[in-house]
1. Among residues belonging to segment 47-88 that are of a type in the set (Phe, Trp, Tyr) and more than 20 Å from VAL22 (Cβ to Cβ), point out the one that is modelled with the lowest pLDDT.
2. Exactly one condition in (1) closer than 28 Å to PHE164 by Cβ; (2) in a loop (DSSP other than H, G, I, E, B); (3) open to solvent by 10 Å² or more (accessible area, probe 1.4 Å) is not met by GLY55; state its number.
3. Determine, yes or no, whether TYR223 is closer than 21 Å to PHE59 by Cα, among the aromatic types (Phe, Trp, Tyr), under 21 Å from the mean Cα position of the chain (by Cα) and surrounded by 18 or more Cβ atoms within 10 Å (Cβ to Cβ).
4. Kindly check whether there is at least one residue in segment 102-119 that is crowded, with 17+ Cβ neighbours inside 10 Å, in contact (Cβ under 8 Å) with a residue 60 or more places away in the chain and among the small types (Gly, Ala, Ser).
5. Kindly list the number of the only condition in (1) modelled with pLDDT of 90 or more; (2) closer than 30 Å to ALA85 by Cα; (3) open to solvent by less than 30 Å² (accessible area, probe 1.4 Å); (4) β-branched (Val, Ile, Thr) that fails for VAL213.
6. Restricting to segment 154-174, what's the tally of residues that are open to solvent by less than 30 Å² (accessible area, probe 1.4 Å), in a loop (DSSP other than H, G, I, E, B) and of a type in the set (Val, Ile, Thr)?
7. Sort out for me the helices (runs of 4 or more DSSP H) sitting completely within segment 262-367 that have 3 or more residues that are in contact with a Phe, Trp or Tyr (Cβ under 7 Å, 6 or more places away or on another chain), modelled with pLDDT of 90 or more and surrounded by fewer than 17 Cβ atoms within 10 Å (Cβ to Cβ).
8. Which residue out of GLU151, GLU138 is farther than 24 Å from SER18 by Cβ and either free of Cβ contacts under 8 Å to residues at least 24 places away in the same chain or open to solvent by 50 Å² or more (accessible area, probe 1.4 Å) (or both)?
Amino acid sequence: MKPPVLFLFIFYSFISTSQNLVLNPSFEDHSTYKCIVNLGGFNNGVLDWSIPNHGSTDFFDTCSEDMGANNYNGIQNPKTGSSYAGMYFYTDKNYREYVQGELSKTLVEGKKYKMTFYLSLADKSSYALKDIEVLITEEKLKPCYDSNSCEKVIKSSKVTKKKFKLYSNTEEVYFSNKEIWTEYSFEFTAEGYENYFSIGNFYRNPKTKKQQVVSNSPYFFSYYYIDDVSIESLEQEKVVETTKTIEEPTIKTNEIHTFKNVLFDFDKADLLEVSKEELNQLYKHLEANLTLNIEIYGHTDAIGLETRNQDLSEQRAKAVSNYLITKGLDVTRITSFGFGSTQPIADNDSEEGQQLNRRVAFKLIEN
């Protein structure tokens, strides 16, 4: 048993260093790590985000000529990074699109927070809206829940039986700028249940406040791009010095664990930078527990020839093995295997299932 690790925690009272509690706030991280070019692709791999109905929210990445800065509804560069989301806030048939984000931790009851995100009205939009809302919820919303419509306006009271609150724009401002990103922000006091939030228009057409703008489109709609979402505490933290004894998390032996962030480009076996932090933590654990050996298992989806999948799974497992060895792990303590597509954990008929099957796993074995 490894002895407990002693950490010294020091908290400083600087608002400027407030932590953004929104996971993947500008949509830069996605599970495929290849260019997403399909229309309505937001729900197909943007990490820590989802859509709470069956609308087809769009994901734009400047890696794509068709689904990048110059896209089917206009031209807009990302606020930051290389990607942003796009969605219909208003259509003539009450069709709506939303994005649903996740917080890194539940908000603290009684504490004040500020939510901020940036909007840009698409060039072809015929309406600018005042009614843009944020629904903050205790649980993750599910499409078609109860009597809530699958693709149309989400009714807050019908989409969850747990705690929620709808925040609206209280100023007489119509978000009409098609050239630059406009900040949308509001402050609120948490009630201690807040884990998720959804952004969009939660009003039906007759109640939606809109303002007509110049457009060359024959259709009547309001489509917005969105980027850089944040929720941060507004309260200063008191300076406190404390010591805590914390046990290092235990990784069970003789059980197969799947890496969460060990990812590769499509049809490649080169480790991405995002993978190395998790591997560094595993290396530290192995160096602190010298009686443990490790086996690495590579897997692929069923796309392509099985011979190629077998080779690719072996190469990916070997890439992980080699990285740990270059960190200093004794070569006699590690073995790698490739299984191709022979051991799926999900259906290969869907993109989501294929993503789950493209994995690398490991098992620790007591020496």
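1. Step one: filter segment 47-88 for residues of a type in the set (Phe, Trp, Tyr), giving 49, 59-60, 72, 84, 88.
Cutting the leftovers down to more than 20 Å from VAL22 (Cβ to Cβ) gives us 72, 88.
Numbers: TYR72: 93, TYR88: 97.
Filtering first and then ranking leaves TYR72.
2. If we test GLY55 against (1) closer than 28 Å to PHE164 by Cβ; (2) in a loop (DSSP other than H, G, I, E, B); (3) open to solvent by 10 Å² or more (accessible area, probe 1.4 Å), just (3) comes out false.
3. Criteria not met by TYR223.
4. no
5. Every condition holds for VAL213 apart from (3).
6. Step one: list which residues in segment 154-174 are open to solvent by less than 30 Å² (accessible area, probe 1.4 Å), which gives 154, 156, 159-160, 167, 169.
Those left that are additionally in a loop (DSSP other than H, G, I, E, B): 154, 160, 169.
When the remaining residues are screened for being of a type in the set (Val, Ile, Thr), the result is 154, 160.
The total comes to 2.
7. Output list is empty.
8. Answer to the selection: GLU151.
The values are calculated or read from the model by the stated rules, or taken from the named source; none is laboratory data. Note that this is a predicted model, so its numbers are computed, not measured. Every residue, glycine as well, gets a Cβ built from its backbone with ideal geometry; the counts of neighbours run over all protein chains shown. For accessibility, only protein heavy atoms count, side chains too; no ligands or nucleic acids. Shrake-Rupley method; radii C 1.70, N 1.55, O 1.52, S 1.80 Å.
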